[in-house]
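Contents: one structure, followed by commentary.
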Amino acid sequence: MQEAVIDAVRIAAAHEGVAEMVITLRHTNGGCSEVALDHLASDALMQSCAAARPEDLCGHSWSKVREALGASWNRFQELAAP
Amino acid sequence: MYDLVIKNGSVVDGTGLPAFRADVAVKAGRIAKIGRIEDAAHRTIDASGKMVAPGFIDPHTHFDAQLLWDGAAKPALAHGITTIVPGNCSLSLAPLKEKHRMKLVGMFNQIEEMPYKAFAEGVEWNWQTFDEYLARIQQGLAINVAPLVGHSLLRLWVMEEASMQRTATPAELQQMQDLLRQCLRAGAIGLSTSFVDMDETLQPVPSRYADMDELRALASVLGEFGRILQVVPEFYDADLNIARVDQLAELSLAYGIPTTFSPLFVNADNAAAVARVMARVDAQFARGARVWPQVQTRPIDISFSFAVPSLLFIRLPSWYRIMRLGSHDEIVAAFSDLARRPALLAEAEPMQGLWSQLILRQVNTPANQPLVGKTLAEIAEMRGTTALEAMIELSLEEDLDAHFLATDMGHNDDPAVSALLAHPRVHIGASDGGAHILSFSTYGDTGYLLGHFVRETRAMGLEAAVKKITADTAAIWGIQERGQLQPGYVADIAVFDAATIDRGPEYYVQDVPGDGSRYVRDVVGMHSVIVGGEIAWSQQAGYAAAACGQILPGPAA
């Protein structure tokens, strides 16, 4: 099954004054969208893709980005869970 | 006899028309006359060589908490800002039930970096309703406040924990509408909401659980009063941003309200995307909608320390591995290992241009305090080493708590930013004044506009720039009788030297309750700031004791 993949990666300045990783996803219809990741999500993505450098992320599935975002955003939920 | 006469200045009246030589007389808090004034006055300001302009209006701030212990919203007033709009991004401090106070403090901590301790020691929680909060901040108010009410607060009040779980029922919608009417009657200038913000557990703030039916219901109430809707869209994605522009246009046309969204950033990477967003804004204005993008003037800086793995190092595998892997002691050990040092330096060498320009912004040891504010290139020269080695050594000397600043890393394309700021359908704002206090200074955007974009790069004329931050802002937000120097208008006035007006360097100051600190910038080139006809700040005497700030509601219902 075709799916969206990571097409490009750049480091950008987030408005809150830290560096963020901006992933460009290329969708199956040729369209592109961007997703910004904080350092925890970036780290999770680099690990899950076994990437040594940001460029190594290109070609990986968008689902890896989703999982990485979840790893960052939900990091407090495990602590809050009963 | 006049109360105050400002003599011999060049009047930039906020209309955008050319500056002209005239005196400005003030009586009973209002501008009485503009022209040649020979009558006596209780006080006189000699504005020879200075510009005399309406007080600036900052439409995007988060001074909600600071106003509880600082009625001047320092240093905003000193920068010439005579009116602030707090309560942006779905977050205000009222209406708020007692049981939800800590939840809100958590949101302010996450989003605005306002420390918990500041609330604990600086805030006497003696309000719940919006009018009680306004009565609280009116005490000792030295700056005008046009407060928004936050959508997340309305949801929290009506729906409580369910506000962070689901959409509202029809009955809850009705209650929110009634509550919003109460807040608008009490003095709220409009409603703020957010599609992106998260709370302290990184879960969406209550406003993000609302659907369009809820926004329509609340916008209909805004329409009853002719008040504004402020929104934080998905500003990082052009397609989503455009979709929000369309939604705001729908609300603006359906209910006859102005809307504004912020922020909108532009740099070399996203210029095409921003052009698409602006094309949509233009198209919606052409249909008669009012959807004002807010653009900040200052570039975005990045700060970091070795203690937290900054993504600036992600292109350096060895560096990033050290910073993300280890405990504090492991990081210290890795960078202290001189045998590893050559390989680390070689890996980072291609980014030498960045390292040299980094500014040392914060240290703890007295020995290194004199180096604060210097670039790593300067420090390296002083120490007889390289910028990279200086960065490592300083980090080790400070037990990894040396903070470095990379300036102008985003929103940094001057021609593109200039073009946006000058665009007739761009609203200058998005300063975030009072927020991000532990990361950077959000003060001085007006000085940067007049210093960098007017004087240094000549991207805008002075009169046009002043109009943008005075009369235009007042018109967009429905702020009456302010934003221009006209007889009969309230005497909110900024007297400044156009040859020197600017923002000063950023520095760290400990003036937040609970022994808290924040980054600030002083003003350069401001002579006097008058609020309601009284001198509220002067270069000579600093902040005045008089508290002449007012709560400014929007248009009458």
- Note on the structure: Cα pairs beyond 29 Å in region B:297-456, in percent, come to 28
- Query: Over the Cα atoms of region B:6-151, what is the Rg over Rh ratio if Rh follows Kirkwood?
  - Reply: 1.10
- Calculate how steeply helix A:39-48 sits against the longest principal axis of the alpha-carbon atoms of chain A, using the helix alpha-carbon long axis, and give the answer as 0 to 90 degrees to the nearest 10. 60
- Too long for a 24 Å Cα-Cα cut-off, among B:Lys27/B:Lys50; B:Lys27/B:Lys74; B:Lys374/B:Lys468, are B:Lys27/B:Lys74; B:Lys374/B:Lys468
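Give me the orientation-averaged projected area of the Cα convex hull of region B:69-154, in nm², one decimal. Don't skip to the answer; put the middle values down first.
Details: hull surface 21.5 nm².
Quarter of the Cα hull surface area: 5.4 nm².
Convex hull volume of the Cα atoms in chain A, per residue, in Å³? Could the numbers behind the result be given before it?
Working: hull volume 9.1 nm³, N = 82.
Output value, Cα hull per residue: 111 Å³.
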- Query: Where does helix A:62-73 land angle-wise versus the long Cα axis of chain A, in degrees 0 to 90, nearest 10?
  - Reply: 20
- Note on the structure: Note to self: C-alpha centroids of region B:296-325 and region A:22-78 sit apart, in Å, by 17
- antiparallel share of DSSP beta bridges within chain B, to nearest 5, in %, is 60
- Query: For region B:382-450, with equal point scatterers placed on the C-alpha atoms only and solvent neglected, what are the log10 I(q)/I(0) values from the Debye formula at q = 0.12, 0.18, 0.28 1/Å, to two decimals?
  - Reply: -0.55, -0.86, -1.32
- Antiparallel bridge percentage (DSSP; both residues within the protein assembly as shown; nearest 5): 65
- Cα centroid separation, region B:516-557 to region B:138-189 (Å): 27
- Order of B:Met278, B:Met198 under a 10 Å beta carbon neighbour criterion, fewest first: B:Met198, B:Met278
- Listed by chain and number, the aspartates and glutamates with an alpha carbon less than 12 angstrom from that of B:Lys467, same-chain partners under 8 positions apart left out, are B:Asp13
- Query: Which whole-angstrom value gives the distance between the alpha carbon centres of region B:71-86 and region B:351-403?
  - Reply: 34
- Over the Cα atoms of chain B, how large are the radius of gyration and the largest Cα-Cα distance (Dmax), in Å? 24.3, 79
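Distances longer than 37 Å among the Cα atoms of the protein assembly as shown: what percent of all pairs is that?
Working: 76106 of 203841 pairs.
Of all Cα-Cα distances in the protein assembly as shown, 37 percent exceed 37 Å.
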- Connecting every pair of Cα atoms under 10 Å apart in chain A and solving the GNM, the largest mean-square fluctuation among A:Ala14, A:Ala44, A:Ala68 falls on A:Ala14
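Sort B:Lys33, B:Lys467 by Cβ crowding within 10 Å, fewest neighbours at the top.
Working: B:Lys33 16, B:Lys467 25.
Ranked by crowding around the Cβ, least crowded first: B:Lys33, B:Lys467.
Rounded to the nearest 500, what is chain B's calculated 222 nm mean residue ellipticity when only DSSP H runs of at least 4 contribute -39500 (n - 2.57) each, over all residues? Before the final figure, lay out the partial values.
Numbers: 18 runs with 180 residues, N = 557.
Mean residue ellipticity at 222 nm (helix-derived): -9500 deg cm²/dmol.
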- Query: Points 7 angstrom from Cα along the Cβ direction at B:Leu338 and B:Thr15: gap in nanometres?
  - Reply: 7.3
- Query: Amide H neighbours of B:Ala536 under 5 Å, counting only residues 5+ apart in sequence or on other chains, H built in-plane at 1.01 Å?
  - Reply: B:Val529, B:Ile530, B:Val531
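Mind ranking B:251-262, B:164-175, B:134-145 by how tightly packed they are, going by the mean number of other C-beta atoms within 10 angstrom, highest first? Intermediate results must be reported in sequence, preceding the final value.
Details: B:251-262: 21.7, B:164-175: 14.6, B:134-145: 19.8.
Ranked by mean Cβ neighbours within 10 Å, highest first: B:251-262, B:134-145, B:164-175.
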- Relative contact order as a percentage, region A:5-77, C-alpha pairs under 8 Å and 6+ apart, gives 31
- Taking neighbour counts of Cβ atoms within 10 Å as a proxy for exposure, in what order, fewest first, do B:Tyr507, B:Tyr519 appear? B:Tyr507, B:Tyr519
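Bear in mind that the values in this text are calculations on the coordinates, not laboratory data. Note that the structure is a prediction, hence the values are computed from the model and not measured. Note that we place each Cβ from the backbone using ideal geometry, even for glycine, and neighbour counts take in every protein chain shown.
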